Amino acid sequence: FLITDASYHGHELINQESVYLVGHSAGAHLATMSVLKGTHGWLRSIKGVVGIGGIYDIPGLLQKYPSYSDFVDMAFDSNQYAEASPLNAIPAESKQSASAHIRFMVINSTEDELIGSDQAVGFVGRLIEAGYEDVALIVRKIGDHYGELERKEFWRIVSRFIFN
C-alpha cells in the first residue's frame, strides 16, 4: 500500500523506482515470496530484497529441525510445504519472470541458533541457477537469530547493498 495508495500519508516521499523489501526470519520468507510469486504492477517498483535469517525451504527446515513443525503447521498444511517455500517459487529462468530485475541479498549469521546457513546457501544457489544476475550471499559471524539485527556491522552490510 505504500506504493499503490496515493492517499497514504508520506506516499509522495517514496521513490517509486527504488523500493527495497527487508525481512527477518519469517519476514524474509514473506518478502521473497511476494516478489517471486508476485505479478502485481507494484512489482516494478521493487529494486531489491534483503532476507536475514530466512526460511526459504520449509521441507528442508523440517528435515533438519523436526520440532519446528509445531509452528510451521500453524501456517501451512503439510501438503503446502513445498509450494510455500521461496526456494520452489524461483522460476526456471529469471528472464521469464516479473521479478527478473530484482536484486537479492541473503544474510545468515553463523551464530544463528534457529536457522542454519544451509537455508540461505540453497536459496542463493537456486537464484543463481535461474539466472538472477545481482545476488549476494553473506554468511558470517554477526550474532544470534535476533541479536544480528542489533549489530552495526549488520546494518552497514545492508546499507552498502541498498545504496550501491
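Observations on the model:
- Residue that is nearest to the chain's Cα centre (by Cα), among those in region 44-64 that are over 22 Å from Asp77 (Cα atoms) and crowded, with 19+ Cβ neighbours inside 10 Å: Gly51
- Residue match in region 5-24 (condition: part of a helix (DSSP H, G or I), over 23 Å from Leu149 (Cα atoms), open to solvent by less than 80 Å² (accessible area, probe 1.4 Å) and not polar (S, T, N, Q)): yes
- Identity of the residue in region 110-150, at pLDDT below 95 and of a type in the set (Phe, Trp, Tyr), that ends up farthest from Gln96 (Cα to Cα): Tyr146
- In the set (1) in a helix (DSSP H, G or I); (2) surrounded by 17 or more Cβ atoms within 10 Å (Cβ to Cβ); (3) out of contact with any Lys or Arg (no Cβ under 9 Å at 6 or more places or on another chain), Asn79 fails one condition alone, (2).
- Total residues in region 41-58, condition farther than 12 Å from Gly27 by Cβ and in contact with a helix residue (DSSP H, G or I) (Cβ under 9 Å, 6 or more places away or on another chain): 7
- Residue tally, condition aliphatic (A, V, I, L, M) and in contact (Cβ under 8 Å) with a residue 60 or more places away in the chain, over region 52-69: 2
- Residues within region 30-43 that are out of contact with any Leu (no Cβ under 6 Å at 6 or more places or on another chain), open to solvent by less than 20 Å² (accessible area, probe 1.4 Å), modelled with pLDDT of 90 or more and not polar (S, T, N, Q), tallied: 2
- Those residues of region 92-130 which are open to solvent by 30 Å² or more (accessible area, probe 1.4 Å), without any contact (Cβ under 8 Å) to a residue 60 or more places away in the chain and not in a helix (DSSP H, G or I), in sequence order: Ala92, Glu93, Ala100, His101, Arg103, Thr110, Glu111, Glu113
- Tally of residues being in contact with a strand residue (DSSP E or B) (Cβ under 8 Å, 6 or more places away or on another chain), open to solvent by 30 Å² or more (accessible area, probe 1.4 Å) and assigned to a loop (DSSP other than H, G, I, E, B) across region 131-145: 3
- Yes/no for Ala84 being outside any strand (DSSP E or B), small (Gly, Ala, Ser) and open to solvent by less than 80 Å² (accessible area, probe 1.4 Å): yes
The values are calculated or read from the model by the stated rules, or taken from the named source; none is laboratory data. All of these numbers come straight from a predicted model, not from anything done at the bench. Neighbour counts run over all protein chains shown; Cβ positions are idealised from the backbone, glycine included. Please note that ligands, DNA and RNA were not included when accessible areas were found on the heavy atoms of the full protein model with its side chains. Shrake-Rupley method; radii C 1.70, N 1.55, O 1.52, S 1.80 Å.
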